[in-house]
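Read-outs throughout are calculated quantities, based only on the coordinates presented, and are distinct from any laboratory measurement. Just so we're clear, the structure is a prediction, and the values are computed from it rather than from any experiment. Neighbour counts run over all protein chains shown; Cβ positions are idealised from the backbone, glycine included.
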Ligand SMILES: NC(=O)c1ccc[n+]([C@@H]2O[C@H](COP(=O)([O-])OP(=O)(O)OC[C@H]3O[C@@H](n4cnc5c(N)ncnc54)[C@H](OP(=O)(O)O)[C@@H]3O)[C@@H](O)[C@H]2O)c1
């Protein structure tokens, strides 16, 4: 194929399937390669139902872990976590104006690594007044140092009736790609359901993990029915879940689904639910981010194995 034809064909592919559908190594030279230079597999992906865009099963949270103030060493460490995340094929980073200096830490890291074109930027609006939403969003965008966000979510449903029209208008004007809402720790699930039923949102974010499984009854089935992507937050209950599990040996049968430890066990349980698009564990450690991204590799548990995993953890 001539070079011009190849370019036209790549462009058609890009337009048809979206940026993320291309192999990570096409977009990010380091993706799919360990730091040693040895080739590794790219993470498994799931489509965003409203567009078909593929997203890696594991993303990166930023609450607490990236709110490190202006300490130079701590900010450098966050950049290294982000670098390892992208090298492992990661894309979605989640933040909020609620997370202190996290947004500026992310913006600095993206600029230093040169990952602005690769990141799937998921931020939030979190302010009680609808009129002040656009100003907050603009300030967040400035801190992330990006031309636009991929996803904006109404954080914890705060003033959602006022913010959603702003977000839908931004999307219609091409200044935003996706609109979502968030909650955590099982709060206001009835209201979440009613918004999922009545509003054309693309994403819902909520807590879902081995012990917090309320969403299984109604919200996850509803997300599938309505074609809404699901982001699972607090996959490790802010770390407490893992600290509890690590007092016990990993069951030998965890090897059947390729888990190298409890973190992958916990993440594979979440991302193997058919309604879940991705989980967003937060970490301040390069070793942990690599481990977490490893949960998007290899065999995923089937329904019977998921049952076994949940029963085992409940029984500990
Ligand atoms: N309403 C909302 O919108 C909402 C609410 C809650 C959370 N969120 C989002 O969800 C993200 C995740 O939730 P979260 O931050 O509450 O907690 P989390 O991801 O459940 O847990 C984070 C903790 O787990 C530890 N950890 C991570 N990977 C590990 C590994 N492989 N091995 C051992 N420990 C590990 C981290 O410690 P190390 O630093 O030592 O790795 C950190 O202390 C947030 O950062 C935020 O982006 C959104």
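Take every DSSP beta bridge whose two residues both sit in the chain; close to 15 percent of them are antiparallel. As a size descriptor, the averaged projected area of the C-alpha convex hull of the chain was calculated at 17.2 nm².
With N as its number of residues, region 117-254 has a Cα radius of gyration that, divided by 2.2 N^0.38 Å, comes to 1.17. Among 176, 157, 167, sorting on how many other beta-carbon atoms sit within 10 Å of each Cβ, with the fewest leading, yields 157, 176, 167.
Ranking of 178, 208 by neighbouring Cβ atoms within 10 Å, starting from the fewest: 178, 208.
What ranking do 259, 278 get, fewest neighbouring Cβ atoms within 10 angstrom at the top?
Listing 259, 278 from fewest to most nearby Cβ atoms yields 259, 278.
Hydrodynamic analysis of region 64-166 uses the Kirkwood radius over alpha carbon pairs. Inserted into Stokes-Einstein at 4 °C and 1.567 mPa s, it gives a translational diffusion coefficient of 93 µm²/s. Only helices enter this figure: runs of n ≥ 4 DSSP H residues, each worth -39500 (n - 2.57), summed and divided by the residues of the chain, yield -12000 deg cm²/dmol at 222 nm to the nearest 500.
Derived value for region 218-316: Kirkwood hydrodynamic radius 14.0 Å. Basis is the mean of 1/r over every pair of different alpha-carbon atoms.
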